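Below you'll find the structure, written out as structure tokens, and then a few comments.
The values are calculated or read from the model by the stated rules, or taken from the named source; none is laboratory data. Predicted, not measured: the structure shown is a model, and the values here were computed from it. Here Cβ is always computed from backbone atoms with ideal geometry, including for glycine, and neighbour counts include all displayed protein chains.
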Amino acid sequence: MMREFDVVILGAGPAGMSAAIGLRKQGLTVLVVDEQPAPGGQIWRAVESVAPTAAGQLLGAEYRAGQPIAQAFRDCGAVYQPQTQVWQIEPGWHVYMTCAGKVEAVRADRVLLAMGAQERPAPFAGWTLPGVMTVGAAQILLKTSRQVPSEPVWVAGSGPLPLLYMVQLLRAGGKIAGWLDTSPAGAWRRALPYLPDVLGRWGEVSKGLGWLRELRRAGVRRVRGVRSFRALGEGRLEALEYALPDGRSVRAPAQVLLAHEGLVPSVHMTRALECDHAWNEAQACWAPVLDAWGQTSRQGVYVAGDGAGIGGAEAARARGELAAVGIALHAGKLQARQAQALSAPIQERLRGHLRLRPMLDALYPPRADVLDPSDDTIVCRCEELTAGDIRQAAKLGQPGPNQIKAFTRAGMGPCQGRQCGYTIANILAKAHNRPVAEVGLQRVRPPLKPLTLGELATFNIEDEPR
Amino acid sequence: MHEDFDFIVAGAGMVGAAIAHGLAGARQRVLLLDGEDGDYRAAKANFGLVWVSGKGYGNPHYQRLSYEAGHLWPAFARELEQESGIALQYENRGGLNFCLGESQFEERSAAMRQWAARTPDLELGIEMLDRAALERRFPAVRFGPDVTGACFGSQDGHVNPLRLLAALQAAFLKRGGVLKSRHPVEHIEPLASGGFTVRSGAARFAARNVVIAAGLGSNKLGPMVGLDAPVRPQRGQILVTERLAPLLPVPASGIRQTGDGTVMLGVTQENVGYDLATTAEAAVRMSRNAVRVLPDLAGARLVRQWACLRVLTPDGCPVYAASASHCGAWIALCHSGVTLASFHAGPLALALAGGALPSFLDPLHYERFTFPQAV
Amino acid sequence: MSASRFRKLSEPGAPSLTLTIDGVPVEATPGETVAAVLLRQQTPASRTTPVKESPRAPYCMMGVCFDCLAVVDGVASTQTCLVTVREGMRVERQYGKRSLQS
């Protein structure tokens, strides 16, 4: 018999957990599914087991703040199903998922997507070599394995996350060979228009400045204004080569290279559901179009958290709480006045947490060559296609991203465009002289996570009432 | 914008691209107009079979046409690969049509005998293989217990349909053809002096001839030039797996392993109008069928499921017609654009360049739907 | 042969379990992912690609890059960054296009 819920939440991170807690308070039945073994999403990954340990100390207070939330989430009465991957959502809403090799479908009146963000795909020559990873990946290793690079590590990129990770790494006794800071020169000038926001959120700003100080005091070599770099090696990372602002090229041995050019909302599921999206010029990314409650253009589908727009853990919590109020309102559990009263302080909090975003966007634009990778840079990791391959196919008429996919197979591998979609759009935009927002992205097809034909074949789809 | 062409082909899918390519080879000045990136594009859901066996069951003219196209394919493939520089992954080592269960084997045998009897002069190359014969012919393949046999067609084969389309367009450009993407044809206006003006957005083009090969879009365009060929959508869903080591050496109708190693499964036949949604239900059905035929597929990861709209005429057979009211207007519609690509790029294009459809295509005019002939 | 690229922080008294990678017993801590364990090996790669047989190691650690695929307890193309280690778990690296016939 198919399980039915008022709401199914995808993602047990800050937003998903906060929404579940809020929805349960209003008496709705909730199922939370998440592909990881424990709640926390990425930012609070493994927080239940790690927060009380020494590692929890070095990861910092913001990380440990996830522990009481995880506890409240466990206690709120939502059905929580970890290690479960959702591969399709169909109108009705029927949510198809796999857990431990078995397919299951549940039905829900409403679906809340709290699937967070991913790192902006920022290809460079050699980025597929073993030893090259994202900064986020390294931080996950620190959180879930207490694992650090053995040799001094190279970090390339910009943004709050690399700063935080480098500080955490140093506190853990790790070593940094160098930091290739890819943010363009003139950061102070870019930040200046946001002075009021800086002063209004001084606590957060001073925290970031504190990280910079810590890195300086530790003698971390910071190479500024790096515009391009490449990873070198035969079958694995062996060296790093980067270009200095004056044009000189430097080569250094490297065992681990961590790259980061900001975060982008995870829009894979919202695009699979054909929700409307809008292009955010300041952040150079797509985000779903949402109303004040987080409802998408598809009735009954909501988004909360970084998937709505990058904002961090506290903003994600606020969005989760808002979605809970909105869903309760739409489900008839709350009257408009009550919903208004509940949401006003949450909106206030959310505004506060998002206040520094425009400044951060201005400080840390993505590396310029993300828009224009060299011909030999692999852009589709799964199918091993280079920027040159895409440019070649772009000459056949003026194909859009879906035609390019058809002609080259770019986007047909297991990641289904998660790592290449933006880059292909950038390349086409340049080749055809069109704004990247107009070029768009490839269609997203199910299954959103690969499952086996055997799992599908043994699924008793007939047993489910429709 | 005014430019003069001999032919404007509306639609750059499997049919349009092949015809345009052939016309350009016949030294015609051709403009090929393609729609938007997000258009229906039936060519994206072609299974990739170059199939003769069982084609045109009930329509011997189509049966013969398929056979002819199959015969032209090897030379067509060689030439196209050379011209375009794109490898097509074409193989013609035969194809299988599996039978599950004893009665299916009997029924299939009877049906194929009947089919073959319609064109006794042709070497159709079909043979029914019972289970034992199937295992002997394909010793490395592990068939499921329900497989009682298969019909093996020696004339059958397969190709990578997306590469085929890319190759047709690439070779067309090399032959001097003009391709304009994001130029869906919105209106066709006959000119008093003969020929047509074709409008796409703000752009206008003129040509002596216009070929409508716009798939489902032909419903709107055809009547503008007296070509009221009925065509309706039929949804087809397809599954594709991760890349795998070779496990199926020849294509089957419903399962084929591509040159990239992926295994394609499909295709459903659903009458749901213009609905392009995929369904988990179809994924389950296709998976069950696949696993019955090749149980080892149970361990394969499904990477993608997609749906497209088949361009279906009332009897499922192609439509070729010259407009009676508008000289120089033509229409070509089918859902077997891959098998017929060799014919479209070859004899059909040549005939169009010469100003008349070959008479053996008369029975495939759409008037057969209004005036059915007793066969 | 280069040393492993990653090491664990010392955690005296931390519980440990054993799994095998390509038949070789390897130590791991409860709660960590198979991908993390793979990254600690001399060869951090979990597979070679089915396209050009290029070696790949875990890249994103969060399930969106699909480079960390390996065979886990007989199930191929498993995202090892999403699998928590278990005592006796069998992990095998994947090479090229995998065969479905055992």
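Candidates in region A:28-42 are the residues that are over 18 Å from the mean Cα position of the chain (by Cα) and either of a type in the set (Phe, Trp, Tyr) or under 16 Å from A:Leu112 (Cα atoms) (or both); of these, the one that is surrounded by the fewest Cβ atoms within 10 Å (Cβ to Cβ) is A:Thr29. Among the numbered conditions (1) in the same structural domain as A:Cys382 (by TED's automatic domain parsing); (2) in contact with a strand residue (DSSP E or B) (Cβ under 6 Å, 6 or more places away or on another chain), the only one that A:Arg434 does not meet is (2). Of the strands (runs of 3 or more DSSP E) that lie entirely inside region A:109-174, those containing 3 or more residues that are surrounded by 24 or more Cβ atoms within 10 Å (Cβ to Cβ) and more than 9 Å from chain C (Cβ to nearest Cβ) span A:153-157. Restricting region C:3-28 to residues that are facing chain A (nearest Cβ under 7 Å) and surrounded by 13 or more Cβ atoms within 10 Å (Cβ to Cβ) leaves a set whose member that is farthest from the chain's Cα centre (by Cα) is C:Glu11. For B:Asp156, the test of being under 18 Å from B:Phe47 (Cα atoms) and either hydroxyl-bearing (Ser, Thr, Tyr) or modelled with pLDDT of 95 or more (or both) is passed. Only one of the listed residues (B:Arg243, B:Arg208, B:Arg199) is within 14 Å of another protein chain (Cβ to nearest Cβ) and either in contact with a Leu (Cβ under 6 Å, 6 or more places away or on another chain) or farther than 29 Å from B:Asp315 by Cβ (or both). That residue is B:Arg243.
Being modelled with pLDDT under 95, more than 21 Å from B:Leu164 (Cα to Cα), under 23 Å from the mean Cα position of the chain (by Cα) and among the β-branched types (Val, Ile, Thr) is a condition met by at least one residue of region A:441-463. Screening A:Gly200 on (1) under 26 Å from the mean Cα position of the chain (by Cα); (2) farther than 23 Å from A:Ser374 by Cβ shows it passes everything except condition (1). From the list C:Ala35, C:Ala28, C:Ala3, C:Ala57, the one residue that fits, being at pLDDT below 95 and either in contact with a Leu (Cβ under 7 Å, 6 or more places away or on another chain) or hydrophobic (A, V, I, L, M, F, W, C) (or both), is C:Ala3. Looking at this structure, is A:Gly203 out of contact with any Gly (no Cβ under 7 Å at 6 or more places or on another chain) and more than 23 Å from A:Leu169 (Cβ to Cβ)? Judged against the criteria, A:Gly203 is a match.
The condition (being more than 20 Å from the chain's Cα centre (by Cα) and either of a type in the set (Lys, Arg) or not assigned by TED's automatic domain parsing to the domain that holds A:Val155 (or both)) is satisfied by just one residue among A:Arg271, A:Arg217: A:Arg217. Taken over region A:373-399, the criterion of being in a strand (DSSP E or B) and within 14 Å of chain B (Cβ to nearest Cβ) is satisfied by A:Cys380, A:Leu385.
Within the group B:Pro145, B:Pro139, which residue is more than 25 Å from the chain's Cα centre (by Cα), more than 14 Å from chain C (Cβ to nearest Cβ) and of a type outside the set (Val, Ile, Thr)? Testing whether each residue is more than 25 Å from the chain's Cα centre (by Cα), more than 14 Å from chain C (Cβ to nearest Cβ) and of a type outside the set (Val, Ile, Thr) leaves just B:Pro145.
For A:Ser206, the test of being farther than 26 Å from C:Gln79 by Cα, assigned to a helix (DSSP H, G or I) and of a type in the set (Gly, Ala, Ser) is passed. For region C:29-49, the set of residues classified as more than 22 Å from A:Lys143 (Cα to Cα) and either surrounded by 24 or more Cβ atoms within 10 Å (Cβ to Cβ) or aromatic (Phe, Trp, Tyr) (or both) consists of C:Arg47 only. Scanning region B:176-196 for residues that are charged (D, E, K, R) and in a loop (DSSP other than H, G, I, E, B) gives B:Arg182, B:Glu186. Answer with yes or no whether B:Arg256 is under 30 Å from B:Arg137 (Cα atoms), within 17 Å of the chain's Cα centre (by Cα) and at pLDDT 95 or above. For B:Arg256, the condition - under 30 Å from B:Arg137 (Cα atoms), within 17 Å of the chain's Cα centre (by Cα) and at pLDDT 95 or above - is met. Has region B:199-210 got at least one residue that is in contact with an Asp or Glu (Cβ under 6 Å, 6 or more places away or on another chain) and over 19 Å from B:Leu221 (Cα atoms)? So far as region B:199-210 goes, no, none of its residues is in contact with an Asp or Glu (Cβ under 6 Å, 6 or more places away or on another chain) and over 19 Å from B:Leu221 (Cα atoms). For region C:29-68, filtered to residues that are assigned to a strand (DSSP E or B) and of a type in the set (S, T, N, Q), the residue that is nearest to the other protein chains (Cβ to nearest Cβ) is C:Thr33.
So, of the residues in region A:418-430 that are without any contact (Cβ under 8 Å) to a residue 60 or more places away in the chain and closer than 23 Å to A:Thr128 by Cβ, which turns out to be surrounded by the fewest Cβ atoms within 10 Å (Cβ to Cβ)? The residue in question is A:Lys430.
In the set B:Ser109, B:Ser66, B:Ser103, only one residue is buried (at least 24 other Cβ atoms within 10 Å of the Cβ), out of contact with any Pro (no Cβ under 9 Å at 6 or more places or on another chain) and over 16 Å from B:Gln169 (Cβ atoms); that residue is B:Ser66.
Do you know which of the residues in region B:262-301 that are in a loop (DSSP other than H, G, I, E, B) and within 12 Å of chain A (Cβ to nearest Cβ) is surrounded by the most Cβ atoms within 10 Å (Cβ to Cβ)? The extreme case among them is B:Ala300.
Being at the interface with another protein chain (Cβ under 8 Å from one of its Cβ atoms), without any contact (Cβ under 8 Å) to a residue 24 or more places away in the chain and either over 21 Å from A:Glu383 (Cβ atoms) or part of a loop (DSSP other than H, G, I, E, B) (or both), is that true of even one residue in region C:82-91? No, because not a single residue in region C:82-91 is at the interface with another protein chain (Cβ under 8 Å from one of its Cβ atoms), without any contact (Cβ under 8 Å) to a residue 24 or more places away in the chain and either over 21 Å from A:Glu383 (Cβ atoms) or part of a loop (DSSP other than H, G, I, E, B) (or both).
Scan region A:20-39 for residues that are more than 12 Å from chain C (Cβ to nearest Cβ) and within 25 Å of C:Met61 (Cβ to Cβ) and the total you get is 4.
Restricting attention to region B:197-216, does a residue exist that is free of Cβ contacts under 8 Å to residues at least 24 places away in the same chain and assigned to a strand (DSSP E or B)? The answer is yes, given that some residue of region B:197-216 is free of Cβ contacts under 8 Å to residues at least 24 places away in the same chain and assigned to a strand (DSSP E or B). Restricted to region A:48-96, the set of helices (runs of 4 or more DSSP H) holding at least 2 residues that are surrounded by 17 or more Cβ atoms within 10 Å (Cβ to Cβ) comprises A:54-59, A:66-75. I'd like the full set of residues that are facing another protein chain (nearest Cβ under 10 Å) and either of a type in the set (Ser, Thr, Tyr) or not in a loop (DSSP other than H, G, I, E, B) (or both), limited to region A:407-449. Within region A:407-449, A:Phe407, A:Thr408, A:Leu428, A:His432, A:Val439 meet the criteria.
For C:Val71, the criteria (1) modelled with pLDDT of 95 or more; (2) closer than 24 Å to A:Arg418 by Cβ; (3) outside any loop (DSSP other than H, G, I, E, B); (4) within 11 Å of chain A (Cβ to nearest Cβ) hold in every case but one, which is (4).
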